[in-house]
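Q: Handing you this structure, nothing more for now.
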Amino acid sequence: MSTPQGGSVPAPGPGDARAGRAVAGRRRGAGKRFLVVGDVLDGVLVHTAAHRIGVHDPTAVIRHRPTGGGGDTAAWLGWLGAEVDVVARVGVDDVYRHERALEDAGVRAHLRYDAMTSTGVVVSVRNDDGLTAMTDPAASGRISAEDVPPSLVARADIVHLTGAAMLGAGADRLAELVACARSGPARVSVDPSSAVAVDAVGAARFLDALAGVDVLLPNRPEALALTGETDLDTAVRRLTQVVPLVVVTAGADGALIGRRGRSVHRVPATPAAVVDTVGAGDAFAAGFVRAWATDPVRVGAAAQEGTRVAARALGVVGGRPPV
């Protein structure tokens, strides 16, 4: 569940969630089919004034939300009016609840249940100093290529892999998921989702597993972790040696586009009033791949659409669009 750092959202205009879906059918990407494979998690979102361990904050704001990179990206695609399926793994007791939440967002859910472990959980704690997240992968850490129906891959135009719990499970698992995604006619996009997931797999092994991927969508920390660089432009250029198209989210600095053999191009952020940064990177990915699906040449315009959807996500609590 990656997030760009910083940014701000205009107040929602006349397009609420339902109106957004109605309009979205007329946007670029209509008619394309998307398959998202990734995390569906339970989220505990905490906003506190506490600044150190041992402090009791009786006025903390705590919200429970469905989240996870796979569910969040799919939900934003559904909000945009796209035809989208999501494959994920949850605990056996939570299948109906998560299916219902995804279906309400316009997503066809294909949830594998796990009787041996529970649904994964992420706890996000935010105060004036920043954000800290803690994740228990649980069922999401067990997603494999065997969970993905070949029929869904065969009919998809874009297969998107995302979610730290899934991608951090090891290089072999990641390579199998990429091979599965590439087994059909679809273009393949990957959101590394977390610098911690990159470190858990190992940067070199993570990059090796991306062979054949069409577009990589890291945020700034993930791009730096994948390359070991400290300069973002240099990191982008190095990543294009592995994946031909790299789009890095950089919060208030917008996005950087790298294409093999070309100079790095910058796209400005869409102004936003930040309420919650959780899931903004997933929203960017949804906006980008939806536009890119129909017009792969106008990458800058697709990135600008990504920043627009991310800006909307920054204005709501949790990683998904309002329903």
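Q: How far apart, in nm, are two points set 7 Å out from the Cα along the Cα-to-Cβ line at Tyr96 and at Arg260?
A: 5.0
Q: Hey, how many Å between the Cα centroid of the range 32-61 and the Cα centroid of the range 129-206?
A: Cα centres, the range 32-61 to the range 129-206: 21 Å.
Q: Just grab the label-to-label distance for Thr294 and Asp231, each label 7 Å out from Cα along the Cβ direction, in nm (one decimal).
A: 3.9
Q: Ranked highest first by average number of other Cβ atoms within 10 Å, how do 91-103, 37-49 line up? Intermediate values should be presented prior to the final figure.
A: Values: 91-103: 16.7, 37-49: 23.7.
Top of the packing list down: 37-49, 91-103.
Q: Quick one: which residues, 5 or more positions from Val121 or on another chain, have an amide H under 5 Å from its amide H? H modelled 1.01 Å from N in the peptide plane, none for Pro or chain starts.
A: Asp42, Asp136
Q: Here's something else I'd like to know. Could you tell me which residue out of Ala88, Val274, Gly68 lies farthest along the dipole of the chain toward its positive end? Charges go on the beta carbon: Lys and Arg +1, Asp and Glu -1, centred on the Cα centre.
A: Val274
Q: Something else about it: Points 7 angstrom from Cα along the Cβ direction at Val61 and Arg205: gap in nanometres?
A: The two pseudo-label positions are separated by 4.1 nm.
Q: Out of all DSSP beta bridges with both ends in the chain, state the antiparallel percent to the nearest 5. Mind showing how you got there, number by number?
A: Details: 22 of 55 bridges.
In the chain, DSSP labels about 40 percent of beta bridges as antiparallel.
Q: OK, next. Using the Cα centre of the chain as the reference point, and only Cβ charges (+1 on K/R, -1 on D/E), how large is the resulting charge dipole? Debye, rounded to the nearest 20. Please report the intermediate quantities before stating the final value.
A: Details: 34 positive and 34 negative charges, 226 e Å.
Charge dipole of the chain: 1080 debye, to the nearest 20.
Q: Run the dipole for the range 30-136 about the Cα centre, Lys and Arg Cβ at +1, Asp and Glu Cβ at -1, nothing else charged, and hand back the magnitude in debye, nearest 20.
A: Details: 11 positive and 15 negative charges, 36 e Å.
The dipole magnitude comes to about 180 debye.
Q: Right, something else. Full extension from Arg108 to Ser183: what is 0.36 nm times the residue separation minus their Cα-Cα distance, to one decimal in nm? List each step's numbers first, then the result.
A: Working: separation 75, 0.36 × 75 = 27.00 nm, distance 2.10 nm.
Here the segment from Arg108 to Ser183 would lengthen by 24.9 nm.
Q: Calculated FRET efficiency, Ser144 and Ala252, Cβ-Cβ r, R0 45 Å, to nearest 0.05?
A: Values: r = 37 Å, r/R0 = 0.83.
So, using R0 = 45 Å, E works out to roughly 0.75.
Q: If you don't mind, there's one more thing I want to ask. How much length would be gained if the chain were fully extended between Asp172 and Ser151, taking 0.36 nm per residue of separation minus their Cα-Cα distance, in nm to one decimal? Before the final figure, lay out each step's value.
A: Values: separation 21, 0.36 × 21 = 7.56 nm, distance 2.28 nm.
The span from Asp172 to Ser151 would gain 5.3 nm if fully extended.
Q: Can you give the calculated 222 nm mean residue ellipticity of the chain, where each DSSP H run of n ≥ 4 adds -39,500 (n - 2.57) and the sum is split over every residue, rounded to the nearest 500 deg cm²/dmol? Please report the intermediate quantities before stating the final value.
A: Numbers: 12 runs with 111 residues, N = 323.
One gets -10000 deg cm²/dmol as the mean residue ellipticity at 222 nm.
Q: Still on this structure, please answer the following. Report, to two decimal places, the Cα Rg of the chain normalised by 2.2 N^0.38 Å (N = number of residues). If you can, show how the numbers build up before the last one.
A: On the way: Rg = 17.9 Å, N = 323, 2.2 N^0.38 = 19.8 Å.
Computed over Cα atoms of the chain, the ratio equals 0.91.
Q: Here is a follow-up. Once phi is turned into θ = phi - 60°, what whole-Hz ³J(HN,Hα) does the Karplus curve with 6.51, -1.76 and 1.60 give for every residue of the range 300-306, x standing for Gly and Pro?
A: Result, rounded to whole Hz: x, 5, 5, 5, 5, 5, x.
Q: Okay, moving on. Can you find, among Ser151, Val215, Ala109, the residue sitting farthest towards the positive end of the charge dipole of the range 103-225, where Lys and Arg contribute +1 and Asp and Glu -1 at Cβ?
A: The one lying farthest along the dipole's positive direction is Ser151.
Q: From the square roots a ≥ b ≥ c of the eigenvalues of the alpha-carbon gyration tensor of the range 174-323, which class results: rounded (a/c under 1.5), prolate (a/b over b/c), or oblate?
A: Values: a/c = 1.39, a/b = 1.35, b/c = 1.03.
Taking the square roots of the gyration eigenvalues as a ≥ b ≥ c, the range 174-323 is rounded.
Q: Residue farthest toward the positive end of the dipole of the range 249-291, with Cβ of Lys/Arg at +1 and Asp/Glu at -1: which of His265, Gly251, Val289?
A: Comparing the listed Cα positions along the dipole, His265 ranks first.
Q: Another question, then. Could you derive backbone 3J(HN,Hα) for the range 38-47 from the dihedral phi with the Karplus parameters 6.51, -1.76 and 1.60 (θ = phi - 60°), listing whole Hz in sequence and x where the residue is Gly or Pro?
A: These are the phi-based 3J(HN,Hα) values: x, 6, 10, 10, 8, x, 10, 9, 10, 10 Hz.
Q: Relative to the Cα centre, what is the charge dipole magnitude of the range 168-280, using +1 at the beta carbon of each Lys and Arg, -1 at the beta carbon of each Asp and Glu, and rounding to the nearest 20 debye? Don't skip to the answer; put the middle values down first.
A: Working: 11 positive and 12 negative charges, 90 e Å.
Once rounded to the nearest 20, the dipole reads 440 debye.
Q: Which part of the range 127-150 falls in the paramagnetic zone of His51, meaning amide N under 19 Å from the point 7 Å along Cα-to-beta-carbon?
A: Answer for the range 127-150: 127-132.
Q: Which percentage, to the nearest 5, of the DSSP beta bridges contained in the range 77-232 is antiparallel?
A: On the way: 7 of 21 bridges.
Restricted to the range 77-232, the bridges split so that about 35 percent are antiparallel.
Q: Could you list which residues have their amide H under 5 Å from that of Ala272, counting only those 5 or more apart in sequence or on another chain, with H placed in the peptide plane?
A: It is Ser8, Val9, by chain and number.
Q: Let me ask something else. Run the numbers on the chain and let me know its relative contact order in percent, using alpha-carbon pairs under 8 Å that are six or more apart. Walk me through the intermediate numbers first.
A: Working: 838 pairs, mean separation 72.3, N = 323.
Result for the chain is 22 percent.
FYI, it's all coordinate maths here, none of it is from the lab. This is a predicted model, so every value here is computed, not measured. Neighbour counts run over all protein chains shown; Cβ positions are idealised from the backbone, glycine included.
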